[in-house]
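What follows draws every value from the coordinates through simple rules; no lab data is involved. Bear in mind the structure is a predicted one, so any value in this text is a computation, not a measurement. For neighbour counting, all protein chains shown are included, and Cβ atoms are generated from backbone atoms with ideal geometry for every residue, glycine included.
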Amino acid sequence: MRTSDTSARIVQAGSATRSLRTPAKGDDVSMWMRIFGWMLADDEPPMPCSGALLRSVGVRVRGAVTVADRATRGGVVVVSGGDSADPHQILYACTGIAGRANDVWTDTGRRGERHRHAGAEFVLTVGAHRFQVEFDGPASEVRPDSRVTVTGRLELVGAYEWDAFNLVDTRADWMVMNVVRVPDGDVLVDLALPRAA
């Protein structure tokens, strides 16, 4: 059990560092996100396919948080790994404005033992887009409204998490550009925000 206190388009596939500008409303934003195999087994979401619309889903950046240098532009940058042929190695740096962070606690299941600190979470606003963030460390390390960079991999937020953990709603509709199965049973999807008609 867990309880809580209280564009981007890949520019040159295969290069080690690719810079993606801050996404603005109406921009194409494309990035690889992991959907865990257990989510697909539960049909939440159904298995996506290229060209399909993934409706009302949240994207989480799980990784390390640092204070953003003044010279660092806001946006999403591919910092290492992979290309479109090997997307599960892609590591992103997302720079934006941090919301209020909350500590995350887990129940160890041991009699008489208190909950164990399991990290912290907050919402990161990058241009017109919002992402859930989860990182190791206490919530006190992130000041609300501060500019931060979160470096990590992107993953789908489980459908049950919105109500179970009272997450701030950051869901959006995403267009599936490509789908790649990885050996561990997970699926990676290349997502882009759909264009308004």
| note | Length gained if Y160 through R70 is fully extended, taking 0.36 nm per residue and subtracting the Cα-Cα distance, is 28.7 nm
| remark: Computed ³J(HN,Hα) along region 95-105: with the Karplus parameters 6.51/-1.76/1.60, θ = phi - 60°, integer Hz and x for glycine or proline, the list is 10, x, 9, 7, x, 5, 8, 10, 6, 10, 10
| task | Go through region 125-135 residue by residue and turn each phi into a ³J(HN,Hα) via Karplus (6.51, -1.76, 1.60, θ = phi - 60°); whole Hz please, and just put x for glycine and proline. | result | 9, 10, x, 8, 10, 10, 10, 6, 10, 10, 9
| said: What distance in nm separates the two pseudo spin-label positions at S50 and V79, each 7 Å out from Cα along the beta-carbon direction? | reply: 3.1
| field | Rg followed by Dmax, in Å, when region 30-189 is reduced to its Cα trace | value | 16.2, 51
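By count of other Cβ within 10 Å, fewest leading, how are T151, T72 ordered? Show your work: numbers first, answer last.
On the way: T151 18, T72 15.
Fewest-to-most Cβ neighbours within 10 Å comes out as T72, T151.
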